[in-house]
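Shown next, in structure tokens, is the structure this report addresses.
The values are calculated or read from the model by the stated rules, or taken from the named source; none is laboratory data. Everything numeric in this text was worked out from a predicted model, so none of it was measured. Here the Cβ is made from the backbone with ideal geometry for all residues, glycine too, and neighbour counts use every protein chain on show. Quick note on the areas: whole protein, heavy atoms, side chains included, nothing else; ligands and nucleic acids left out. Shrake-Rupley method; radii C 1.70, N 1.55, O 1.52, S 1.80 Å.
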Amino acid sequence: MKAVIAEIITIGDEILYGQIVDTNSAWMGTELTKIGVRVKQITSISDSADHIVKALDDARTRADIILITGGLGPTKDDLTKHVLAEYFNTTLKLHEPSLDDIAEIFKKRGIEVTELNRQQAFLPEACTAVRNVLGTAPGMWFEQEGKVFVSMPGVPFEMKRMMTDIVLPQLKTYYKTPEIIHKVVQTVGMPESILADRLEAWETNLPEHLKLAYLPNLGGVRLRLTGTGSDATKLEQELQAEVEKLPHIIPNHIFAFGEVKLEEAIGQLLKERGLTIATAESCTGGYLAHKITSISGSSAYYQGSVIAYHNEVKTRELNVNQETLQQHGAVSEATVREMAENVRQKFSTDIGVATSGITGPDGGTAEKPIGTIWIAYADKDRTVARLLNYNKDRLLNIEYTATAVLNLVRQSLTAAVEE
């Protein structure tokens with residue numbers, strides 16, 4: 001079955017200037033994939049007639065579906081509708097149902113329809129209007145030479161409603177699309193290059209209609225296995241069979257299947273085992289606690305934290321021995337071990353974890369350069385410490401450290417960590 005290809009064009013100087021972030025394209029790509037349409041390119045262009053025409057000419061050579069957002073407002077810089085009318089060699093004509101929708105919106109607001117907003121109800125005669133029940137700018141659906149062009153507002157909630165109610169169902173009817181199914185495997189603690197090497201033989205032997213993508217993030221890699229075919233049931237079975245091989249190839253690095261965050265997976269593991277945890281943070285300054293408590297229901301396992309940024313707080317609140325700090329320093333294995341053990345005792349939890357390091361951009365020494373970070377895990381049976389070396393900027397060092405601690409908890413609870 002021939003793949004149906006889509007291209008997305010976002011129009012607006014505000015996107016190019018960085019004044020707003022284009023979240024529309026990511027959402028559209030996700031929804032198009034669900035109906036078997038592949039997005040091959042996303043293009044952002046300025047509010048310029050020449051740029052719009054050039055983008056349309058280029059897109060139609062590559063795609064079956066061209067989806068356009070932006071430039072449908074009532075002001076002079078909103079050119080999209082006028083450019084499309086000229087592009088499809090047609091004229092603008094009042095579309096009464098759209099005017100009625102605009103009038104109804106203004107009536108609810110208790111104000112009169114302005115002439116500028118009335119002009120929004122004038123649409124190219126060659127298009128089919130796409131109703132906008134949430135705003136004053138109707139969408140437009142054009143068909144030419146077997147290709148579909150759809151223009152929609154750039155306002156996210158307006159575009160999403162139009163796509164969900166009208167555009168996606170019509171595209172599904174217009175094109176015979178293949179089934180596209182994704183399986184996501186979440187990994188942590190293994191760099192992308194090493195992971196790819198481990199998976200090379202498995203990936204090489206995948207059937208041609210199954211494709212693997214590596215999606216790196218902080219401290220881990222999302223593996224996305226995508227299957228394309230005509231039989232959804234068979235495709236699901238094939239994907240699942242391949243996914244089930246992965247725990248045997250990378251047994252200690254998979255923390256979840258599906259769109260699950262590491263902190264969510266850790267929370268579920270703690271709940272399943274009826275365990276509680278507390279955190280002692282120096283260099284991460286509460287970010288680790290934030291990650292844990294960002295998950296709904298975390299009060300079932302998370303007790304509290306001590307942010308012991310200053311050495312006096314380490315001694316006063318966590319009972320870290322003065323001699324330990326004087327002999328080894330705050331950024332040391334000995335200190336971070338005491339922090340993890342003592343925060344566990346302070347909060348009477350099953351597990352205590354701790355962080356202490358130099359996140360930069362200053363504070364490093366020849367002995368302990370920037371990015372030198374110690375983390376520790378403690379339970380009733382043992383304490384495990386790890387030395388990290390992150391040569392990144394301050395915020396990234398903090399984020400990577402929090403991820404490393406969560407992974408240390410996961411490894412410790414699944415017996416995948418070495419002393």
Q) Counting only residues that are aliphatic (A, V, I, L, M) and at pLDDT below 95, how many does the range 131-154 have? A) 3
Q) Can you tell me which residue in the range 133-156 is surrounded by the fewest Cβ atoms within 10 Å (Cβ to Cβ), limited to those that are part of a loop (DSSP other than H, G, I, E, B) and touching a strand residue (DSSP E or B) at 6+ places or on another chain (Cβ under 6 Å)? A) G154
**Q.** Close pairs from the range 389-401: first at negative phi and in a helix (DSSP H, G or I), partner open to solvent by less than 90 Å² (accessible area, probe 1.4 Å) and of a type in the set (K, R), Cβ under 8 Å, at least 6 apart
**A.** Y400/K392
(Q) Give all pairs with beta carbons closer than 8 Å in which a residue from the range 364-382 that is modelled with pLDDT under 95 and of a type in the set (A, V, I, L, M, F, W, C) meets a residue that is open to solvent by less than 60 Å² (accessible area, probe 1.4 Å) and part of a loop (DSSP other than H, G, I, E, B); count only pairs at least 6 apart in sequence or on separate chains. (A) I370/I358; I370/T359; I370/G360; I370/G363; I370/G364
Q) Given the conditions (1) of a type in the set (D, E, K, R); (2) open to solvent by 60 Å² or more (accessible area, probe 1.4 Å); (3) without any contact (Cβ under 8 Å) to a residue 60 or more places away in the chain; (4) outside any loop (DSSP other than H, G, I, E, B), and given that E338 satisfies all but one, which numbered condition is not satisfied? A) (2)
Q | When residues of the range 341-363 are limited to those that are part of a loop (DSSP other than H, G, I, E, B) and out of contact with any helix residue (DSSP H, G or I) (no Cβ under 9 Å at 6 or more places or on another chain), the one modelled with the highest pLDDT | A | S348
Q | Failed item in (1) at pLDDT 90 or above; (2) within 23 Å of D165 (Cα to Cα); (3) open to solvent by 70 Å² or more (accessible area, probe 1.4 Å), with E86 passing the rest | A | (2)
Q | Any chance Q411 is out of contact with any helix residue (DSSP H, G or I) (no Cβ under 6 Å at 6 or more places or on another chain), in a helix (DSSP H, G or I) and over 18 Å from G189 (Cβ atoms) | A | no
Q | Residue under evaluation E419, criteria (1) at pLDDT 95 or above; (2) not in a strand (DSSP E or B); (3) not β-branched (V, I, T), criterion not met | A | (1)
Q. Only one of (1) modelled with pLDDT of 95 or more; (2) within 20 Å of P191 (Cβ to Cβ) fails for E242. Which number is that?
A. (2)
Q) Based on what the data block shows, is I66 open to solvent by less than 40 Å² (accessible area, probe 1.4 Å), in contact with a Lys or Arg (Cβ under 6 Å, 6 or more places away or on another chain) and within 30 Å of H209 (Cα to Cα)? A) no
Q.
Going through I373, I295, I266 one at a time, which residue ends up being among the hydrophobic types (A, V, I, L, M, F, W, C), part of a loop (DSSP other than H, G, I, E, B) and within 25 Å of L413 (Cα to Cα)?
A. I295
Q. Looking at the range 291-307, which of its residues are free of Cβ contacts under 8 Å to residues at least 40 places away in the same chain and either open to solvent by 20 Å² or more (accessible area, probe 1.4 Å) or closer than 17 Å to L396 by Cβ (or both)?
A. T293, S294, I295, S296, G297, S299, A300, Y302, S305, I307
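Considering only the range 197-205, I want to know if a residue exists there that is free of Cβ contacts under 8 Å to residues at least 12 places away in the same chain and surrounded by 15 or more Cβ atoms within 10 Å (Cβ to Cβ).
So far as the range 197-205 goes, yes, one or more of its residues are free of Cβ contacts under 8 Å to residues at least 12 places away in the same chain and surrounded by 15 or more Cβ atoms within 10 Å (Cβ to Cβ).
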Q. Which one of these does G285 not meet: (1) small (G, A, S); (2) open to solvent by less than 40 Å² (accessible area, probe 1.4 Å); (3) in a loop (DSSP other than H, G, I, E, B)?
A. (2)
Q: Go over the candidates A59, A6 one by one and state the one that is closer than 14 Å to M152 by Cβ, crowded, with 17+ Cβ neighbours inside 10 Å and out of contact with any Ser or Thr (no Cβ under 6 Å at 6 or more places or on another chain).
A: A6
Q: Name the single residue, out of those in the range 208-263 being touching a residue at least 24 places away in the same chain (Cβ under 8 Å) and of a type in the set (F, W, Y), that is most open to solvent (accessible area, probe 1.4 Å).
A: F257
Q.
Pairs needed: first member in the range 10-34, free of Cβ contacts under 8 Å to residues at least 60 places away in the same chain; second member anywhere, among the hydrophobic types (A, V, I, L, M, F, W, C); C-beta distance under 6 Å; at least 6 residues apart or different chains.
A. E14/I20; D22/I15; S25/I8; S25/I42; G29/V39
(Q) Looking only at residues that are within 16 Å of M162 (Cβ to Cβ) and assigned to a loop (DSSP other than H, G, I, E, B) in the range 17-56, which one is most open to solvent (accessible area, probe 1.4 Å)? (A) T23
Q: Please work out if E125 is among the charged types (D, E, K, R) and surrounded by fewer than 19 Cβ atoms within 10 Å (Cβ to Cβ).
A: yes
(Q) Take the conditions touching a Lys or Arg at 6+ places or on another chain (Cβ under 9 Å), in a loop (DSSP other than H, G, I, E, B) and of a type in the set (K, R) and apply them to K368. Does it pass? (A) no
Q: Please state which one of L396, L406 is under 27 Å from Q268 (Cβ atoms) and modelled with pLDDT under 95.
A: L396
